[in-house]
């Protein structure tokens, strides 16, 4: 049926960008204007939030955190040089290298502006 609600997720069960902005690191990052200066601001704020939550002894996100992959070697940015050889001749290898550069640039900027992030 058109317009029928089939799923409802309460806001209290979502990790939001607003939560990330209000977190201790998020506030510092926001004050330094990083929302406008990072290549991937949403990802960086959310990652900073999750890193803070992971370090806590108790967090409402514990079950979710436990479900996150422990091994990320399958993500293209972590491919070995041998794995990248399989991609030779494709645009994908350039995209991986660009993403690695963007991640490094954003990481360096956050570490420079918010030393507590390290």
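Every number in this text was worked out from the coordinates using simple rules, so none of it is lab data. Quantities reported herein were computed from a predicted structural model and do not represent experimental measurements. All Cβ positions, even for glycine, are placed from backbone atoms using ideal geometry, and neighbour counts span all protein chains on display.
Some points to look at:
- Value at 222 nm in deg cm²/dmol, rounded to 500, when DSSP H runs of n ≥ 4 in the chain each add -39,500 (n - 2.57): -16000 deg cm²/dmol
- Pairwise FRET efficiency - residue 68 versus residue 4, Cβ, R0 = 35 Å, nearest 0.05: 0.60
- Normalised contact order of segment 1-82, rounded percent, pairs of Cα under 8 Å and 6 or more residues apart: 21
- Taken over the chain, the convex hull of the Cα atoms encloses 188 Å³ per residue.
- What the pair-distance distribution of segment 68-118 shows, using all Cα-Cα distances binned every 5 Å from zero, is 4, 19, 20, 18, 18, 13, 6, 3, 0 percent.
- Shape box of segment 15-56 [Cα atoms, principal axes, largest first, Å]: 28, 17, 15
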